[in-house]
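The values are calculated or read from the model by the stated rules, or taken from the named source; none is laboratory data. The structure displayed is predicted, hence computed values, not measured ones. We place every Cβ from the backbone using ideal geometry, glycine too, and count neighbours over all the protein chains shown.
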Amino acid sequence: MFTDLSPGALGIRCSWQEGLDLAHAAGFAGADLNLIEAKTLADAEGTEAVRDLFTTRGLRMGAWGLPVSWRGPLPQFYEQLARLPELAEFAAELGCHRVTTGCPGWSDTLTRQEHWDLCVGRLKLVAPILQEHGHRLGIEFIAPRNSRKDHKYGFVYSMDGMLALCCAVGTGNVGLLFDVWHWYTACSSVDDIRHLTVNDVVYVHINDAPAGIHPFDQMDLVRCLPGETGVIPNVEILKILKGLGYDGPVTVEPFSQKVKDAAAEDPLRAAKMARDSLTPLFEAAGLAL
């Protein structure tokens, strides 16, 4: 496992390359790849110019966001899907094989069956393209009850539910963007994580929860830095993931007001706050920083 920076997850507004500078300056081991910007740079200056952005800063590549609105309007979906082979091939040339996306646990227009059929049907077209180039897709489930309760139809919002959807896609390269927040607010257990395999976990978000609030009452965009409250057992989770053989990015996503305030004044300070929050957790879990 390695520490990974995603500036947007901290409320930092900056360009992709500025984000790489922040990752290096704050002591992160890796940073995510903006695939579209990277492809533009590679078209102008060559693929090696993109690699150099990481290697000269001593950074590993984390993941890239799926550039397909796979739940969106059908014409848009097919248009973006048509470009995916080229982009997937390019990412493979760079050696960045983790891809991320998300799926809300609700809909106001689709019944549960309609939503399931849409997701599985679209992903059955996306996943083989990624698989052809050696990529794995991690899907984030969205658990907080307060995010779901006012919508007309429910949908997959738990770890097990998302794993079932991944199995229904059936290509073997679709798993979890595992966010400890969503695991916690779905009232899952630590034993549930122990039942995972290394192939189930593509990417990890880490954070903590405000104390004194039941998981069902937590607000999605009000979180804490990892280890800040100890409500989420992050050290135990990291130990389990280590035992599974997970060796990918661990990205801080706190949605913390104090981090956002720091980001507005001094982005590097915000990045260091996130990086420093991981130090005791990684050390306690026996992980190298």
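Does L137 fit the bill of being closer than 16 Å to Y203 by Cβ, touching a strand residue (DSSP E or B) at 6+ places or on another chain (Cβ under 8 Å) and not small (G, A, S)?
Working: closer than 16 Å to Y203 by Cβ: yes; touching a strand residue (DSSP E or B) at 6+ places or on another chain (Cβ under 8 Å): yes; not small (G, A, S): yes.
Yes.
Test R145 against the criterion of being out of contact with any strand residue (DSSP E or B) (no Cβ under 9 Å at 6 or more places or on another chain) and surrounded by 17 or more Cβ atoms within 10 Å (Cβ to Cβ), and give yes or no. Yes: the conditions hold for R145.
Among the residues of the range 202-215, are any aliphatic (A, V, I, L, M), over 17 Å from A274 (Cβ atoms) and either surrounded by 15 or more Cβ atoms within 10 Å (Cβ to Cβ) or touching a residue at least 60 places away in the same chain (Cβ under 8 Å) (or both)? Steps first, answer last, please.
Initially, the range 202-215 is screened for residues aliphatic (A, V, I, L, M), giving 202, 204, 206, 209, 211, 213.
After this cut, where a residue has to be over 17 Å from A274 (Cβ atoms) as well, the list is 202, 211, 213.
From the residues that got through so far, the ones that are either surrounded by 15 or more Cβ atoms within 10 Å (Cβ to Cβ) or touching a residue at least 60 places away in the same chain (Cβ under 8 Å) (or both) too are 202.
There is at least one residue in the range 202-215 that is aliphatic (A, V, I, L, M), over 17 Å from A274 (Cβ atoms) and either surrounded by 15 or more Cβ atoms within 10 Å (Cβ to Cβ) or touching a residue at least 60 places away in the same chain (Cβ under 8 Å) (or both).
Here's the yes/no breakdown for (1) out of contact with any Lys or Arg (no Cβ under 8 Å at 6 or more places or on another chain); (2) assigned to a strand (DSSP E or B); (3) surrounded by 15 or more Cβ atoms within 10 Å (Cβ to Cβ); (4) aliphatic (A, V, I, L, M):
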| residue | (1), (2), (3), (4) |
| --- | --- |
| V156 | yes, no, yes, yes |
| D160 | yes, no, no, no |
| L176 | yes, yes, yes, yes |
| W181 | no, no, yes, no |
| L221 | yes, no, no, yes |
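Would you be able to say whether some residue in the range 137-144 is touching a residue at least 12 places away in the same chain (Cβ under 8 Å), within 25 Å of L74 (Cβ to Cβ) and in a helix (DSSP H, G or I)? Taking every residue of the range 137-144 in turn, none turns out to be touching a residue at least 12 places away in the same chain (Cβ under 8 Å), within 25 Å of L74 (Cβ to Cβ) and in a helix (DSSP H, G or I). A search for C-beta distances below 7 Å between a residue of the range 244-263 that is farther than 18 Å from A26 by Cα and touching a residue at least 12 places away in the same chain (Cβ under 8 Å) and any residue that is of a type in the set (S, T, Y) and surrounded by fewer than 24 Cβ atoms within 10 Å (Cβ to Cβ), counting only pairs 6+ apart in sequence or on different chains, returns L244/T197.
In the set (1) in a loop (DSSP other than H, G, I, E, B); (2) under 20 Å from the mean Cα position of the chain (by Cα); (3) modelled with pLDDT of 95 or more; (4) hydrophobic (A, V, I, L, M, F, W, C), the condition left unmet by L238 is number (1). Being of a type outside the set (G, A, S), farther than 22 Å from Y157 by Cα and without any contact (Cβ under 8 Å) to a residue 12 or more places away in the chain is the requirement here; does P75 meet it? Here the answer is yes, as P75 does meet what is asked.
Residues are listed down the side, and each one gets a yes or a no for (1) in contact (Cβ under 8 Å) with a residue 40 or more places away in the chain; (2) within 27 Å of M162 (Cβ to Cβ); (3) of a type in the set (K, R):
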site	(1), (2), (3)
F2	yes, yes, no
Q17	no, no, no
L20	no, no, no
L41	no, no, no
F54	no, no, no
R60	yes, yes, yes
L66	yes, yes, no
C103	yes, yes, no
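Within the range 263-289, the set of residues being farther than 9 Å from G11 by Cα, among the aliphatic types (A, V, I, L, M) and at pLDDT 95 or above comprises L268, A271, M273, A274, L278, L281, A284, A285, L287. L110 meets the conditions (1) among the aliphatic types (A, V, I, L, M); (2) buried (at least 18 other Cβ atoms within 10 Å of the Cβ); (3) more than 20 Å from the chain's Cα centre (by Cα); (4) part of a loop (DSSP other than H, G, I, E, B) in every case but one. The failed one is (2). Residues of the range 208-249 that are closer than 30 Å to Q131 by Cβ and either small (G, A, S) or touching a Leu at 6+ places or on another chain (Cβ under 7 Å) (or both): L238, K242, G243, L244, G245, G248.
Tally time: how many residues in the range 161-201 are of a type in the set (V, I, T) and on the phi > 0 side of the Ramachandran plot? Walk me through it before giving the result.
Taking the range 161-201 as the starting set, the residues that turn out to be of a type in the set (V, I, T) are 169, 171, 174, 180, 185, 190, 193, 197-198, 201.
Next, from what is left, pick out any that are on the phi > 0 side of the Ramachandran plot: none.
Final tally of qualifying residues: 0.
Considering only the range 184-195, I want to know if a residue exists there that is exposed (fewer than 15 other Cβ atoms within 10 Å of the Cβ), touching a Pro at 6+ places or on another chain (Cβ under 8 Å), in contact (Cβ under 8 Å) with a residue 12 or more places away in the chain and of a type in the set (A, V, I, L, M, F, W, C). Yes, some residue in the range 184-195 is exposed (fewer than 15 other Cβ atoms within 10 Å of the Cβ), touching a Pro at 6+ places or on another chain (Cβ under 8 Å), in contact (Cβ under 8 Å) with a residue 12 or more places away in the chain and of a type in the set (A, V, I, L, M, F, W, C).
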